[in-house]
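Input: a single structure, listed below in structure tokens.
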Amino acid sequence: MISSRTFRLSEEVGEALSSGRPVVALETTIVTHGLPSPQNLETARDCEHIVREEGCIPATIGVLDGQLIVGLGNEELECLAHSPGVSKTNLSNIGAIIAAGTPGSTSVSTTLLAADTAGIGVTVTGGIGGVHRGYGEHFDVSSDLFAMQRFRQILVCCGAKSILDVEATREQLETQGIPVVGWRTEHFPLFYSVGNRLSVDATVNSAEEVVRIHGAQGGLGLSTSTLVVADPPSKSALPADRLEEIIEGALSEAEAQGVTGREVTPFLLDRVSAMTGGESLRTNLALIRNNCRIGARIAAALANSRNKV
Ligand code: PSU
Ligand code: MN
């Protein structure tokens, strides 16, 4: 049973949902842990703007004052973006953060929980978490993957972040029965780069096709998310071989400094950005925006199909 003490929908998002308007859920771990200031707040605002341009309502999600909030107001978003020590939440620590009443950002896992609870159908991120490299020694698999199995959303991303073992992540998605749909691509993207040969379950050219596939899965009683993967915009994609060396370097640093748990991904993203002279950051900013546009088009198609029934 969801409690209104711990869960709050903003007025705008609540009204949009009850009148059948398309809504797109946006996460905030990108804002608090994935991007440096000031690009973090600028990007979050831009994402909301892009979603609106496409005729949808943005629902940015975060934890403040003991509540999981769907549809953060401007000041609330600013507070998350600027406060030091905001906790990154996933399904294992969100209860503790809510109970403590301290601020938290939502990763993909807790964003899926919030969006599904609210009745939103589409969530957007940059790149999902997945199976980390060296998982044979340190068993680190993102809670994003398990949340996708549990909550039913259309989740738009550029695949799994290339700091991960992308091949193992792709395998794991199949093991868990998560449909992977390539948005105008036949291959599972590499977040910062293109040109990888990993497969997708279907390739689509339109938002309506995504909605049909997600609907068919649902029609069989399957309650997983559908993962939509898009390449990063070609102008900002980085060469995979050059990036590989840099990622290896960042991973060695993480190992030497004993970085573990929820800190691993933000540490690696930050180091890769520093070692590419900010190029990977530019790619990250471009791909998040692009994913928002795709997500909004899918949300519009989903609302259309729901309103027809
Ligand atoms: N996409 C980005 N930057 C990010 C993330 C996604 O471009 O920082 C975040 C998402 O919130 C995702 C999290 O859920 O990284 C994965 O963290 P972990 O590997 O610790 O599960
Ligand atoms: Mn982890």
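Derivation of every value follows stated rules applied to the coordinates shown; laboratory data play no part. What you see is a predicted model, and the numbers here were worked out from it, not measured in a lab. So basically every Cβ, Gly included, is an ideal-geometry build from the backbone, and we count neighbours across all protein chains shown.
Could you order peptides 17-28, 247-258, 45-56, 198-209 by the average number of other Cβ atoms within 10 Å of their residues, highest first?
Numbers: 17-28: 22.3, 247-258: 13.9, 45-56: 18.2, 198-209: 16.1.
With the highest mean Cβ count within 10 Å placed first, the list reads 17-28, 45-56, 198-209, 247-258.
Shown here are the Rg and Dmax of the Cα trace of segment 188-309, at 17.9, 56 Å. Considering only 259, 69, 286, whose Cα is most displaced toward the positive end of the charge dipole of the chain, charges sitting on Cβ of Lys, Arg (+1) and Asp, Glu (-1)? Result: 69, furthest along the dipole toward the positive end. All distinct Cα pairs of segment 205-259 go into the 1/r average, and the inverse of that average, the Kirkwood radius, is 15.1 Å.
Spatial offset of segment 160-184 relative to segment 1-74 amounts to 25 Å, using the alpha carbon center of each.
Taking 4 °C and 1.567 mPa s as the conditions, I'd like the Stokes-Einstein D for segment 154-234 in µm²/s, using the Kirkwood hydrodynamic radius from alpha carbon pairs. Don't skip to the end; give the middle numbers.
Values: Rh = 12.7 Å.
Once the numbers are plugged in, D ends up at 102 µm²/s.
For segment 237-302, build the convex hull from the C-alpha positions and give me its volume per residue in Å³. Display every interim value, and only then the final one.
Details: hull volume 6.4 nm³, N = 66.
Looking at segment 237-302, the number lands at 97 Å³ per residue.
Spin-label model, residue 234 to residue 92: label points 7 Å out along the Cα-to-beta-carbon direction sit 4.2 nm apart. Taking the square roots of 5 times each eigenvalue of the Cα gyration tensor of segment 11-132, largest first, gives ellipsoid semi-axes of 21, 16, 14 Å.
Placing +1 on the Cβ of every Lys and Arg and -1 on the Cβ of every Asp and Glu, with nothing else charged, gives the chain a dipole about its Cα centre of roughly 780 debye.
From the Kirkwood radius over Cα pairs of segment 106-259, Stokes-Einstein at 10 °C and 1.306 mPa s returns a whole-number translational diffusion coefficient of 100 µm²/s. The label-point distance for residue 99 and residue 39, in a model that sets each label 7 Å from Cα toward Cβ, rounds to 3.7 nm. Farthest towards the positive end of the charge dipole of the chain, among the residues 156, 139, 19, is the Cα of 19, using unit charges on the Cβ of Lys, Arg, Asp and Glu. Between residue 257 and residue 209, the FRET efficiency from the beta-carbon distance, with R0 = 45 Å, is close to 0.50.
If R0 is 41 Å, what FRET efficiency do you get for residue 52 and residue 174 from their C-beta distance, rounded to 0.05?
On the way: r = 35 Å, r/R0 = 0.86.
The pair residue 52/residue 174 has a calculated efficiency of 0.70.
Evaluated at q = 0.11, 0.13, 0.15 Å⁻¹, the base-10 log of the normalised Debye intensity for the chain, with identical point scatterers placed on the Cα atoms, takes the values -0.60, -0.87, -1.19. Peptide packing for 233-246, 88-101, 176-189 was compared via the average number of neighbouring C-beta atoms within 10 Å per residue; ordered from the highest value, the list is 176-189, 88-101, 233-246.
Remark on segment 60-144: Rg and Dmax equal 13.7, 43 Å (Cα only).
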